[in-house]
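Below is one structure, written out as structure tokens; the observations come after it.
Just so you know, all these numbers are worked out from the coordinates, no wet-lab data involved. Because the structure is a prediction, the values reported are computed rather than measured. Here the Cβ positions follow ideal geometry from the backbone for every residue, glycine too, while neighbour counts run over all protein chains shown.
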2 protein chains.
Amino acid sequence: MANIQGKIISPKILKGFRDLLPESMIPKKRIIRTLEQVFESFGFSPIDTPALEYTEILLGKGSGETDKQIYRFEDHGGRDVALRFDLTVPLARFVSQHYSELVFPFKRYHIAPVWRGENTQKGRYREFYQCDFDILGSDSVNADFEILQVIRNGFEAIGCKDYIININHRKLLNAILAKFGEEARSQKILQTIDKIYKVGRDEVVRILVEDEGMSADTVNGILTTLRLNENFSKEGIKGKEIFTVLENLRDEVEDKVAAEELLTVFRNLEECGVLEHFAYNPAITRGLDYYTGIVFESFITDRMEFGSVCSGGRYDNLTGLYSKNIVPGVGASFGLDRLLSVLEDKQMFTKKNSVADVMIFNLDDSLIAKYYLLAEKMQAAGINCEVVSSKSKLGNQFKLAERRQVRYALIAGGDEFEVGKYNLKDIFAGEEKKAISIEEIISEIKENKKVNV
Amino acid sequence: MANIQGKIISPKILKGFRDLLPESMIPKKRIIRTLEQVFESFGFSPIDTPALEYTEILLGKGSGETDKQIYRFEDHGGRDVALRFDLTVPLARFVSQHYSELVFPFKRYHIAPVWRGENTQKGRYREFYQCDFDILGSDSVNADFEILQVIRNGFEAIGCKDYIININHRKLLNAILAKFGEEARSQKILQTIDKIYKVGRDEVVRILVEDEGMSADTVNGILTTLRLNENFSKEGIKGKEIFTVLENLRDEVEDKVAAEELLTVFRNLEECGVLEHFAYNPAITRGLDYYTGIVFESFITDRMEFGSVCSGGRYDNLTGLYSKNIVPGVGASFGLDRLLSVLEDKQMFTKKNSVADVMIFNLDDSLIAKYYLLAEKMQAAGINCEVVSSKSKLGNQFKLAERRQVRYALIAGGDEFEVGKYNLKDIFAGEEKKAISIEEIISEIKENKKVNV
């Protein structure tokens, strides 16, 4: 890899893109693996689709905003191609194309990067990961319930305890609007209500009255029906009150299906003993127009300001653009990068620049094979071992272990191997155990191996 | 996601790109996870770099062939950008850019897709995964030894038993050429010898004599020194013979360093009891010009025709293009897609379209919460459970389980929950156990859960 011209090319990266050093990539990988395990534990299977697709496929649905952000170009064969900007459009294309090969309900997850050339700001990148899971081909409310269970299990598995999953139903919102004869304006009203946490109740009233020309009575009626009074809680309606409120709403509206569906979901959550993590939140509408049933957003309760870290909902037909088959579904997406920011902010993982649990010091190059034989025993027990490849002074090897943030050092020379007893230094605690067996070493390290996320 | 125009866009994918359905993605993910575990067990940490980089960065080193294949375009900001075509150039840029933040020796792995717009042919794709691991900043022969150990552990962990890792050393090849006064022509000679398995010994002699104008005596002398006689073995030199051959070669050449390094590596492999998986193969030269030390290729012995599934070697300086710091290293790359083809050809995994181990049938929608509470117990034991979301006839649910290739069905109605005993059908074996506890069910499923790759 010599540089023929001798000229140095300045090593730099595109704006809005990132390198992930081990200290960032280690926790990211752990969270991805944890979520994958949760998805699979419910029978969701992994799929993959290409990063590049025909632009025509990707823009079929895209909003004007997305069109401008897409990385689009002409390939060697003169084809108009683009990098995917989400995982939903490729999923719609995938399901349409492989419809006859798939077994429905089709439960898939897909964790992969997407690209958007949008303006960069804090926490916004041009390359970021999406982490989607969906149940396709089922219109059962039990599928909605399952998606919520997966989200809850996801938070639990990554060690989050303080989270709230806010639920609403687009059809219940519309039933309420219908009661006030405002169904036609549904989209605009829901988009405005969706902003109530950000702009406040008064501003929502002002927009709907002044900009939309609705009567103040109607607006107040709708908001009151939605329990969005002056003192509404951002955390939504919780516990037993959920059932009272939803039963009342059901009785107030003509189309009772949505309220009944929500009641079923909440009753099942209660029976599973997990109701405390869920709320009925009438202000959650999900601006995106393709949701048609249940919708939800999830927050870490002591970090509400980070916004929703897992959102989703039900849609009537995923594949309308690419196929005549009607495929209803329900799904959600963890915002992986945002979730990582929250966990980092909560100091839920120690930043480490190495995965190694123990470093085997090299006191003598002629002992290398023996060091690796010791490593093999520890590796078989699930311990990550780094053997120091170059012999150097003990002090230097300790310094290396410290810079690596590796907790243990296993120190052994020829004498130790003769008797099969080794020295283990706990660098963090500053303690050393002398002349102990490899079995003792393994149990000591395993006991202290923090299950860091 | 409604289609406003009502026009159907034909769902299609770019030539040379692939969708991975669950039956392909499940084994791929398992192999990736297995290799990640192996890498981490030796203290290699994960990193990530952007898919898009400045073209100038990527082409700094690229050969003319690569230049033509690269996906290159102008982004929204008028920047000349391109998709990475390998993980080595981004690594060189990464190490140069983050030099002061990294702890050397820096041990990293990186598993990610790369893109090349090359002509498609069987088994060649325009988007494919690379799976690289390297030790940077160490010139120790023990680092070479470790990379070989990682490869061996990788094959063992994915369940391959019949593999051979062929080793050679560029400096030993050059020392032999020097003996014949042919050092200057080194690159051409090594590239020709590299083809000996494909074209045969006679053709190698013909090329070097007729095309290169070397004397037949010299060519034969070199090939004889390299033990590439008429009856040379494609599997290289194995077992104790390795030491005899290398000791003789060391005595024959002037620069003995390379032979000594190889002897050290092979002695350590012998002491670790794994020599049987390694060979000294004098015909392996690795055409790429940046290797400067040990080089190696790995084959599945009963599928030699698939070519090397893991190759690599040592290089003097990774970062020459982007930095004045000298960073020597050694590393290798598993050819993930090729490895998957070999394992598929060897029928080493059952193709399944679902990760679920058991399907919990839905006999009654009012039991949904109870089904999920049962699932929770099984999930906690590492069993993947799919609850059938829509109640339907038993026959339909069995049909679904069969199409999913799920082995077990757990069948329970209100009566079963009353007594806490359930029915478990082993669909593959056609056997049913009636009225057993959830603990019995868990142990039955776990026992039969095949550890498929």
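If R0 is taken as 22 Å, the Cβ-Cβ distance between B:Ile326 and B:His98 corresponds to a FRET efficiency of 0.85. Positive-end ranking of B:Phe398, B:Ser341, B:Val355 along the dipole of the stretch B:309-453, with charges on Cβ about the Cα centre, is headed by B:Ser341. Compute the helix-to-body angle for A:216-225: its Cα long axis versus the longest principal axis of chain A, expressed 0 to 90° and rounded to tens. Result, in degrees: 50. Here the ratio of the Cα radius of gyration of the stretch A:358-448 to 2.2 N^0.38 Å is 0.96.
Between the beta carbons of B:Phe417 and A:Glu440, assuming R0 = 41 Å, the FRET efficiency works out to 0.30 to the nearest 0.05. Cα gyration tensor of chain A, axes a ≥ b ≥ c as square roots of the eigenvalues: rounded (a/c below 1.5), prolate (a/b > b/c) or oblate? Here chain A falls in the prolate category.
Treating each Cα of the protein assembly as shown as an identical point scatterer and summing with the Debye formula, the log10 of I(q)/I(0) at q = 0.04, 0.06, 0.07 Å⁻¹ comes to -0.22, -0.48, -0.65. Mean partner shielding of peptide B:145-154, defined as the number of other chain Cβ atoms within 10 Å of each residue Cβ, is 2.
Neighbour counts of other C-beta atoms within 10 Å: give me A:Ser308, A:Ser392 arranged from fewest to most. All intermediate terms of the calculation are to be shown ahead of the outcome.
Details: A:Ser308 19, A:Ser392 13.
The order, fewest Cβ neighbours first, is A:Ser392, A:Ser308.
In this rough spin-label picture, where each label sits 7 Å from Cα along the Cβ direction, the A:Ala429-B:Arg124 distance is 5.8 nm. Principal-axis analysis of the Cα atoms of chain A puts helix A:368-380 at an angle of about 30° to the longest axis.
Rounded, prolate or oblate: which fits the stretch A:23-152, taking a ≥ b ≥ c as square roots of the Cα gyration tensor eigenvalues, rounded meaning a/c under 1.5, else prolate when a/b beats b/c? Please report the intermediate quantities before stating the final value.
On the way: a/c = 2.00, a/b = 1.28, b/c = 1.56.
Note, shape of the stretch A:23-152 comes out oblate.
In order along the stretch A:28-39, phi translates into HN-Hα couplings of 4, 4, 5, 5, 4, 4, 5, 5, 4, 4, 5, 4 Hz, rounded to whole numbers, per the Karplus curve 6.51 cos²θ - 1.76 cosθ + 1.60 with θ = phi - 60° and x for Gly and Pro.
Adding -39500 (n - 2.57) for every DSSP H run of four residues or longer, then dividing by how many residues the protein assembly as shown holds, sets the calculated 222 nm ellipticity at -11500 deg cm²/dmol.
Starting from the label point of A:Glu432 at 7 Å along Cα→Cβ, the same points in the other copies fall at 6.7 nm, in ascending order. For the rotational copies B and A, the chain B residue with its Cβ nearest the relating axis, together with that separation in Å, is B:Phe73, 2.
Label the stretch A:194-324 by shape, choosing from rounded, prolate and oblate, from the square roots a ≥ b ≥ c of the eigenvalues of the Cα gyration tensor; if a/c is under 1.5 it is rounded, and otherwise prolate applies when a/b is larger than b/c, oblate when it is not.
Details: a/c = 1.32, a/b = 1.14, b/c = 1.16.
It is rounded, given that a/c, with a ≥ b ≥ c, falls under 1.5.
For the peptide A:365-373, the mean number of other protein chain Cβ atoms found within 10 angstrom of a residue's Cβ is 6.
A simple charge model with +1 on the Cβ of Lys and Arg, -1 on the Cβ of Asp and Glu and nothing else charged puts the dipole of the protein assembly as shown at about 680 debye relative to its Cα centre. Straight Cα distances below 27 angstrom link A:Lys324 to the lysines A:Lys61, A:Lys107, A:Lys171, B:Lys7, B:Lys12, B:Lys15, B:Lys391, B:Lys399, with same-chain residues fewer than 8 positions distant left out. Distances from A:Arg18 to itself in the other copies, using label points 7 Å out along the Cα-Cβ axis, amount to 3.0 nm in increasing order.
Contact order, relative form, for chain A: 15 percent (alpha carbon pairs under 8 Å, 6 or more residues apart, mean separation divided by residue count). Give the nm distances, rounded to one decimal, from A:Thr244 to the matching residue in every other copy, measuring between label points 7 Å along Cα toward the beta carbon; shortest first. List, nearest first: 9.3 nm. Legend: mean number of C-beta atoms from other chains within 10 angstrom of residue C-beta atoms, peptide B:18-30, equals 5. Relative to the longest principal axis of the Cα atoms of chain B, helix B:88-97 runs at roughly 80 degrees. Once C-alpha pairs closer than 8 Å and six or more residues apart are averaged by separation and normalised to the residue number of the stretch B:324-411, the relative contact order reads 36 percent. Only Cα pairs under 8 Å and 6+ residues apart enter the sum, and on that basis the relative contact order of the stretch B:358-448 stands at 29 percent.
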